[in-house]
Amino acid sequence: MTEESAYAASGVSVEAGKASVEKMQTAVEATYNDQVLTPLGSFGSAFALGQGYQDPVLISGTDGVGTKLLLTIAAQKYDTIGQDLVAMVMNDVLAQGAKPLFMLDYLAVDKMRPEVVATLVQGVAKATKTIGAALIGGESAELPGMYADNHYDLASFGVGVVEREQLLSAEKAQAGDVLIGLPSSGLHSNGYSLVRQVLGLETAADWQALPESLQATLLEPTRLYQPIVEPLLNQPGLHSMAHITGGGIIENLPRAFGPELTAVVEWDSWPILPIFDLLQNKANLTLNDMLLTFNNGLGMVLVVSSDAADDVLQHFATQNQPAYLIGNLQPREAESIVWKGTAPWPMTLN
């Protein structure tokens, strides 16, 4: 018995791995530009930063998609989750004012299924190209015994660049700045453990019993904010940004301003999507549950000087991009966020 056949007998198919690479190769290489110096399959990935920067700062991030993956397995639909992965990483990088440069991905599977693997990576490549970055490397690992049948995990690492003087940070935020919210496309990639519990999604049959419209809503990929926000990055009035992910508005928005400030946020200043009301009503979730778990309709919040707010809103209007003036920053009160108006959900259980 040869070494390769012994490895195959242990549950790892080298040939399936090669077939997977061949199927994904075109999509991955389509993300390459002149800054990518090594071909697919190199031991390391080389990327030339170039000489067009005065004092460049690299911004990096890494993340996964979480238990939303389980819904793609139940649905046997793998073409959109790659965008979730790219958005989770590169929206964070964007929040510090960086232009995306490159990404690397990691895919671990119970068994190499070339069509599934290729579809997953093609989704990552498509989203990476959308934001103007290159998918310069990655790893696809077959790990029999590690994952249940048909299960997999997906993670990535991304890098962007920004001039030091243009770096967005909490330190730049000031009292009087306004908060401009950009809508989410839905749940994005957070809170799916609670979603599955609320909707009783334990098996593929449970998933199939859902209305098709709800299935589509639950699999709606995370928005990529870079195409609409990047033109604003050089404007002096943009001070910081908050990517609203796990922990919701109440944990992520304070990361965009200092401890001497309070965000005053107005309820009813942005639309809350029906999926959030559905989940809240079905499980009788409290306001705190909703705020800590979900984005509740806001995926990114920009902190902008008051004299630049009109120009920023006009930019989004010309892009047919909804944007909402949701509040402002004031000198510190007792809490990091003060809510004004009538909350959409109760503070305590009925």
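Working only within the range 314-335, note down all residues that are outside any strand (DSSP E or B) and either surrounded by fewer than 16 Cβ atoms within 10 Å (Cβ to Cβ) or touching a strand residue (DSSP E or B) at 6+ places or on another chain (Cβ under 6 Å) (or both). Those that are outside any strand (DSSP E or B) and either surrounded by fewer than 16 Cβ atoms within 10 Å (Cβ to Cβ) or touching a strand residue (DSSP E or B) at 6+ places or on another chain (Cβ under 6 Å) (or both): Gln314, Ala317, Thr318, Gln319, Asn320, Gln321, Pro322, Ala323, Arg332, Glu333, Ala334, Glu335. Might you let me know whether the range 155-163 holds any residue that is in the same structural domain as Ala74 (by TED's automatic domain parsing), within 30 Å of Val264 (Cα to Cα) and crowded, with 19+ Cβ neighbours inside 10 Å? So far as the range 155-163 goes, yes, one or more of its residues are in the same structural domain as Ala74 (by TED's automatic domain parsing), within 30 Å of Val264 (Cα to Cα) and crowded, with 19+ Cβ neighbours inside 10 Å. Is it the case that Val303 is farther than 20 Å from Asp268 by Cα, within 24 Å of the chain's Cα centre (by Cα) and surrounded by 19 or more Cβ atoms within 10 Å (Cβ to Cβ)? When the stated conditions are applied, Val303 does not pass them.
Of all residues in the range 152-165, those satisfying the criterion of being of a type outside the set (A, V, I, L, M) and touching a strand residue (DSSP E or B) at 6+ places or on another chain (Cβ under 9 Å) are Tyr152, Asp153, Ser156, Phe157, Gly158, Gly160, Glu163, Arg164.
In this structure, Val117 does not satisfy being hydrophobic (A, V, I, L, M, F, W, C), within 19 Å of the chain's Cα centre (by Cα), assigned to a helix (DSSP H, G or I) and surrounded by 24 or more Cβ atoms within 10 Å (Cβ to Cβ). For Met112, the stated conditions do not hold, so it cannot be described as farther than 22 Å from Tyr147 by Cβ and not assigned by TED's automatic domain parsing to the domain that holds Gly247. Does Asn296 meet the test of being within 19 Å of the chain's Cα centre (by Cα) and in a loop (DSSP other than H, G, I, E, B)? In short, yes. Of Gln235, Gln208, all but one fail to be under 27 Å from Leu101 (Cβ atoms) and not charged (D, E, K, R); the exception is Gln235.
When we screen Ala27, Ala48, Ala74, Ala95 for residues that are outside the structural domain of Phe294 (by TED's automatic domain parsing), in contact with a Phe, Trp or Tyr (Cβ under 6 Å, 6 or more places away or on another chain) and either surrounded by fewer than 24 Cβ atoms within 10 Å (Cβ to Cβ) or modelled with pLDDT of 95 or more (or both), the only hit is Ala74. When you look at Ala95, is it over 25 Å from Ala74 (Cα atoms) and in contact with a His (Cβ under 7 Å, 6 or more places away or on another chain), yes or no? When the stated conditions are applied, Ala95 passes them. Within the range 68-81, can one find any residue that is within 16 Å of the chain's Cα centre (by Cα), in contact (Cβ under 8 Å) with a residue 60 or more places away in the chain and outside any helix (DSSP H, G or I)? Yes, there is a match, as at least one residue in the range 68-81 is within 16 Å of the chain's Cα centre (by Cα), in contact (Cβ under 8 Å) with a residue 60 or more places away in the chain and outside any helix (DSSP H, G or I).
The values are calculated or read from the model by the stated rules, or taken from the named source; none is laboratory data. A quick note: this is a predicted structure, and the numbers were derived from the prediction, not measured. Positions of Cβ are generated from backbone atoms using ideal geometry, with glycine treated the same way; all protein chains shown enter the neighbour counts.
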